[in-house]
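Below: the structure, in structure tokens.
Any read-out appearing in this document is the output of simple, stated calculations on the displayed coordinates, not a laboratory observation. Everything quoted here is computed from the prediction, not taken from an experiment. Glycine also receives a Cβ, built like all others from the backbone with ideal geometry; neighbour counts cover every protein chain displayed.
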Amino acid sequence: MARPFDFKTPTQSQARLRQAGLCAQCGNSLDDEEEHAHHIIPNQSGNPREPNHAWLASSENCVVLCHVRRCASELLRALPR
Ligand SMILES: [Zn+2]
């Protein structure tokens, strides 16, 4: 089921390029099969009817991780509050 701010393939590619093909958290090389586009600000926090929220689906809100469960939880812990 698609969520309103899911990343499009080109957006994910842009984020992957920005990271030089490496996981944003652990630095492993990303693998097309396993990599996972992760929202920095969570997808579900946006309102699809609010045009200002469109950036939730942009590459600025996208980090590509090699392993979403492990790397996403480490990433969230590392983010400043
Ligand atoms: Zn990783």
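Please identify the pairs in which a residue from the stretch 1-27 that is surrounded by fewer than 17 Cβ atoms within 10 Å (Cβ to Cβ) has its Cβ atom under 8 Å from the Cβ atom of a residue that is outside any loop (DSSP other than H, G, I, E, B) and of a type in the set (Lys, Arg), counting only partners at least 6 apart or on another chain.
What qualifies is Cys26/Arg70.
Within the stretch 1-20, is there a residue that is among the β-branched types (Val, Ile, Thr), assigned to a helix (DSSP H, G or I) and within 10 Å of the ligand (Cβ to nearest atom)?
Pass one, the stretch 1-20, residues among the β-branched types (Val, Ile, Thr): 9, 11.
When the remaining residues are screened for being assigned to a helix (DSSP H, G or I), the result is 9, 11.
Right, trim to within 10 Å of the ligand (Cβ to nearest atom) and you get none.
No - not one qualifying residue is present in the stretch 1-20.
What pairs come out if I take residues in the stretch 60-78 that are farther than 19 Å from Ser13 by Cβ and pair them with residues that are within 9 Å of the ligand (Cβ to nearest atom) and not in a helix (DSSP H, G or I) whose C-beta lies under 6 Å away, six or more apart or interchain?
Every condition considered, the pairs that remain are Ala72/Leu65; Glu74/Gln25; Leu75/Gln25.
I'm trying to understand the selection: among the residues of the stretch 29-73, which are surrounded by fewer than 15 Cβ atoms within 10 Å (Cβ to Cβ), outside any helix (DSSP H, G or I) and either on the phi > 0 side of the Ramachandran plot or within 16 Å of the ligand (Cβ to nearest atom) (or both)?
Ser29, Asp31, Asp32, Glu33, Glu34, Ile40, listed by residue number.
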